[in-house]
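> Sharing a structure, written as structure tokens. Questions coming.
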Amino acid sequence: MSLLSERLKNYREELKKTDKKWTQQYVAEKIGVARVTYTAYERGTKTPPLDIINQIADLFDIDTDYLHGRTDDPIKGVDEELKELLNDPQTDLMFNNWKNMSDEERREVLDTIEYLHFKRKKGKK
């Protein structure tokens, strides 16, 4: 079984845990192939063409790179820079504190960020 076939099966089965409609038949109908064809994709006995992989990724709302094994993160459209930012402890600290701030404190933080942005822009001229 290939990584692609494993991920197709595992991701569909995860979706099925929250909504029973995610059968092989359902996916096959949505992407326009026979159920036996989609079953072959999950078993790894047949490799889906690129256009079908794209349709599956769109249907599952996941990144094609995840299906191809280029990333272990199925989240679609999150670039590496954003992932790094979200995993930064200082960013996490800021967002966790943000939840506990009053509206006035939040406004002060935003004002400070706007000031620093303005100052940096002014310095580049």
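> Kindly write out, for the range 28-40 in residue order, the coupling ³J(HN,Hα) from the Karplus curve 6.51 cos²θ - 1.76 cosθ + 1.60 (θ = phi - 60°), rounded to whole Hz, with x marking Gly and Pro.
Running phi through 6.51 cos²θ - 1.76 cosθ + 1.60 with θ = phi - 60° gives 4, 4, 5, 9, x, 10, 5, 4, 5, 5, 5, 4, 5 Hz.
> Cα axis of helix 3-18 to longest principal axis of the chain: angle in degrees, 0 to 90, nearest 10?
Tilt of helix 3-18: around 80 degrees.
> Placing +1 on the Cβ of each Lys and Arg and -1 on the Cβ of each Asp and Glu in the range 80-123, which of Tyr115, Asn96, Leu85 has its Cα farthest towards the positive end of the resulting dipole?
Tyr115
> What is the sum of charges, Lys and Arg at +1 and Asp and Glu at -1, for the other residues whose Cβ falls under 14 Å from the Cβ of Leu110?
-4
> Compute the helix-to-body angle for 103-123: its Cα long axis versus the longest principal axis of the chain, expressed 0 to 90° and rounded to tens.
It is inclined by approximately 80 degrees.
> Could you do me a favour and compute the accessible area per residue for the range 80-123, 1.4 Å probe, result in Å²? Let's see the in-between values first.
Working: 4150 Å² over 44 residues.
In whole numbers, the range 80-123 has 94 Å² accessible per residue.
> Which of the residue pairs Lys99/Lys121; Lys9/Lys46; Lys16/Lys99 have a Cα-Cα distance greater than 24 Å in the structure shown?
The pairs that break the limit, which is 24 Å between Cα atoms, are Lys99/Lys121; Lys16/Lys99.
> Order these peptides, 92-102, 26-36, 10-20, by their mean beta-carbon neighbour count within 10 angstrom, highest first.
Ranking, from highest mean packing down: 26-36, 10-20, 92-102.
The values are calculated or read from the model by the stated rules, or taken from the named source; none is laboratory data. This structure is a prediction, so every number in the text was calculated from the model and none was measured. Positions of Cβ are backbone-derived with ideal geometry, glycine not excepted, and every protein chain shown enters the neighbour counts. Accessible surface is based on the protein model in full, side chains and every heavy atom, while ligands, DNA and RNA are left aside. Shrake-Rupley method; radii C 1.70, N 1.55, O 1.52, S 1.80 Å.
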